[in-house]
Amino acid sequence: MITSALLGVQVANGLAVGALYALMAFGLSIIKGLLNVPNFAHGALFLVGAYVAWAVSGGSGSFWLGLLAAAAATALLGMAIERLLVRRLHRGAYLFQLLLLFGTALVMEQTVIAIWGGLGRSMSPPPWLTGAVDLGFSPFPRYLLFIVVAAAVVIAAVWALIERTWIGARIRAGIERPEMAQSLGIDVEALVTAAFALGAGLAGLAGALAAPLTGLSVTMGTDMLAIALVVVVLGGLGSIYGGVLAGLLVGVVQSLAALWVPQASTVVIYAAMILVLAVRPQGLLGER
Amino acid sequence: MLEVADIHTYYGNSHVLHGISLSVGEGEVVALLGRNGAGKTTTLRSIMRLTPPRSGRISFRGRDLSLSPTHGIARGGIAYVPEHRDPFSLLTVRENLLLAANPRARWKLDDVLRWFPALAALMSRRGGQLSGGQQQMLAIGRGLLTGPDLLLLDEPSQGLAPVVVNAVLEMLRDLKRQQLSVLLVEQSIRVALELADRVYVLDSGRVVLAGDAAALRQSPAQVERHVGVGA
Ligand SMILES: Nc1ncnc2c1ncn2[C@@H]1O[C@H](COP(=O)(O)OP(=O)(O)OP(=O)(O)O)[C@@H](O)[C@H]1O
Ligand SMILES: [Mg+2]
């Protein structure tokens, strides 16, 4: 029997998971915009974010410090990956960049295993985020609400940075016409590094937010990357915001599908992708 | 102020510039003429290091440009307005004009709008929604707002309506009076000889004729022979 409360909780769950997908897809799209390559290390950055948050909040007792450390550590890692590795490959060496990022992901995953072991871990949200708020028709678990709000605030802030500041205008210019932007004195290389750090930090933050929700496992990054790539395609490759919308949709659809066909909730996502692309090959917000 | 000495530039394996040398002096307008495919655009791209020369030397105010990335060359005082003048399509006209503006530039937004009043009404329109003439005015304005001491202009009047061409030429005369150094790629021999102090004619990646515009005005046939008929 599916009650309205159960439905409500599943929608809440879907929105929270969807908010994580949205953060992941947003970061992937920003990086892809400037680098023209899907960041195959994005899942590993998600994983690192989760473990750093777990270790730091466990060690310090501060949940916030855990979040901050996860975002900062992954942003720095992203900066290093771009500066020290990706940049060495020639622009347009697409396949090699993918392989390099894929290899980097493996190294990060194995490093996490080497430091923290291959066993899963669990992490509980801070006491003030346990329990649920009552929305009248259904309860909404506090931590899920926190994920949704946190993701919304961060995405809104990054949106404002990109759409409402001169740095953002330069990023948009660099995405569209890198040569022209450079000819105007804009350091596109530095923007690429910054964008990579920003996208990586979003992935790390998503991992940190996910840790208390799903627990930690060494395969969480790989699983997340597969879905996040689907979400980016669904959202539309040309649009950096399409993935945000698609992420929320996928989260809710997946979560509701779990009520009726629990074994197939992941298959449903791929089916949805095929369906959407059949109708709108450019994705939800993409332009063609 | 700009010295280009014996540069050789390639696209992949195809050798396009075969030892080009030229110079632009302080406050001088220099025109670059030549048939389609002669290497005019490639010369400008070489100066900006968008297609870096494999050999030869380019210096600007005595500074070797091979040591700077493209954005550093631009910040060092050279503005490049390419022949593909497409604006950033999702940015507004205002954003396009100001995103790389230099507060110490000699010309301000007001000056650009005085030369090109048509832009004033379009400030909040997206770059992607402009006509060809509006795009060219935007591209030149944007270049000037970066505060250059040398302007590289690639075929600024190509394919434009006569009104716009006149506005662009009027602005160029103004800039010349104000002693801005310009390296101008032009198709029209008449325009080039009128505006320029000196002229270089390129053919197949080589300089085939160099001279004072004043002298060549007396015998334009010399230039026409290298550039081709109808120009
Ligand atoms: N991206 C490129 N790849 C390969 N060859 C190129 C490229 N761009 C130009 N070329 C070749 O280099 C040569 C010089 O081209 P360039 O664009 O410099 O000529 P141009 O004098 O500017 O001509 P136009 O008057 O048509 O603009 C031509 O033969 C052209 O075919
Ligand atoms: Mg050309």
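Computed from the coordinates by the stated procedures, all read-outs in this text should not be read as laboratory data. Everything quoted here is computed from the prediction, not taken from an experiment. Note that we place each Cβ from the backbone using ideal geometry, even for glycine, and neighbour counts take in every protein chain shown.
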Inset, instruction - Please work out the FRET efficiency for the pair residue A:80 and residue B:89, using the Cβ-Cβ distance as r and a Förster radius of 25 Å; give the result to the nearest 0.05. - result: 0.15
Inset, instruction - Please list, or write none, the lysines whose alpha carbon is within less than 19 Å of the alpha carbon of residue B:176, excluding same-chain residues fewer than 8 places away. - result: B:108
Inset, instruction - Between residue B:123 and residue B:54, with labels modelled 7 Å along Cα→Cβ, what's the label distance in nm to one decimal, could you check? - result: 5.0
Legend entry - Between helix A:63-80 and chain A: long-axis angle, C-alpha atoms, 0 to 90°, nearest 10: 30
Inset, instruction - Would you mind counting up the charge near residue B:114? Only other residues with Cβ under 13 Å from its Cβ, with Lys and Arg at +1 and Asp and Glu at -1. - result: -3
Inset, instruction - Assign unit charges at the C-beta atoms only (+1 for Lys and Arg, -1 for Asp and Glu), then state the dipole size of the protein assembly as shown relative to its Cα centre in Debye, rounded to the nearest 20. - result: 180
Inset, instruction - Give me the percent of DSSP beta bridges within the protein assembly as shown that run antiparallel, rounded to the nearest 5. - result: 60
Inset, instruction - Per residue of A:172-181, count partner chain C-beta atoms within 10 Å of its C-beta, then hand back the mean as an integer. - result: 6
Legend entry - Total formal charge among the other residues, if their Cβ is under 12 angstrom from that of residue A:161, Lys/Arg +1 and Asp/Glu -1: +2
Inset, instruction - List, in order, the whole-Hz ³J(HN,Hα) value for each residue of the range B:105-115 obtained from phi through the Karplus relation with A = 6.51, B = -1.76, C = 1.60 and θ = phi - 60°; use x for Gly and Pro. - result: 4, 5, 10, 10, 3, 4, 5, 4, 6, 6, 5
Inset, instruction - Positive end of the charge dipole of the protein assembly as shown (Lys, Arg +1 and Asp, Glu -1 on Cβ, about the Cα centre): tell me which of B:5, A:40, A:278 has its Cα farthest that way. - result: B:5
Legend entry - For residue B:34, residues with placed amide H under 5 Å, excluding near neighbours: B:202
Inset, instruction - Tell me the Kirkwood hydrodynamic radius of the range A:159-240 in angstroms, computed as one over the mean inverse distance between distinct C-alpha pairs. - result: 14.8
Inset, instruction - Starting from one equal scatterer on each C-alpha and no solvent at all, send me the Debye-based log10 I(q)/I(0) for chain B at q = 0.13, 0.18 Å⁻¹, two decimals. - result: -0.75, -1.41
Inset, instruction - Pairs of Cα atoms under 8 Å, at least six residues apart: use those to get the relative contact order of chain A, whole percent. - result: 37
Inset, instruction - Report relative contact order for the range A:146-288 in percent, whole number only (criteria: Cα-Cα under 8 Å, sequence separation at least 6). - result: 17
Legend entry - Student exercise, the range B:137-205 dipole from Lys, Arg, Asp, Glu Cβ charges, in Debye to nearest 20: 160
Legend entry - Computed E for residue A:223/residue B:35 - FRET, C-beta separation, R0 45 angstrom, nearest 0.05: 0.15
Legend entry - Projected label distance in nm at residue A:132 and residue A:102, using a 7 Å step from Cα toward the beta-carbon: 4.3
Legend entry - Shielding of A:183-196 by partner chains, average beta-carbon count, 10 Å: 5
Inset, instruction - Please report the relative contact order for chain B, taking Cα pairs under 8 Å with a sequence separation of at least 6, and give it as a percent rounded to a whole number. - result: 28
Inset, instruction - Calculate one ³J(HN,Hα) per residue across the range A:24-41 by plugging θ = phi - 60° into the Karplus curve 6.51 cos²θ - 1.76 cosθ + 1.60, and present them in order as whole Hz with x for glycine and proline. - result: 4, 5, 4, x, 4, 5, 4, 5, 5, x, 8, 9, 6, 9, x, 6, 5, 8
Inset, instruction - At 7 Å along the Cα-to-beta-carbon direction for both residue B:179 and residue A:265, put a label point, then send me their distance in nm to one decimal. - result: 7.4
Legend entry - Cβ-defined net charge surrounding residue A:218, 14 Å radius [Lys, Arg +1; Asp, Glu -1]: -1
Inset, instruction - For residue B:19, list long-range residues whose amide hydrogen, built 1.01 Å from N in the peptide plane, is under 5 Å from its own amide hydrogen. - result: B:7, B:8, B:9
Legend entry - Note, ³J(HN,Hα) from phi for the range B:57-62, Karplus 6.51, -1.76, 1.60, rounded to Hz, x at Gly and Pro: 9, 10, 10, 10, 6, x
Inset, instruction - Please name whichever of A:198, B:60, A:106 sits farthest to the positive end of the charge dipole of the protein assembly as shown, dipole taken about the Cα centre and charges placed at Cβ: Lys and Arg +1, Asp and Glu -1. - result: B:60
Inset, instruction - Could you tell me how many degrees, from 0 to 90 and to the nearest 10, lie between the Cα long axis of helix A:142-164 and the main elongation axis, the longest principal axis, of the Cα atoms of chain A? - result: 20
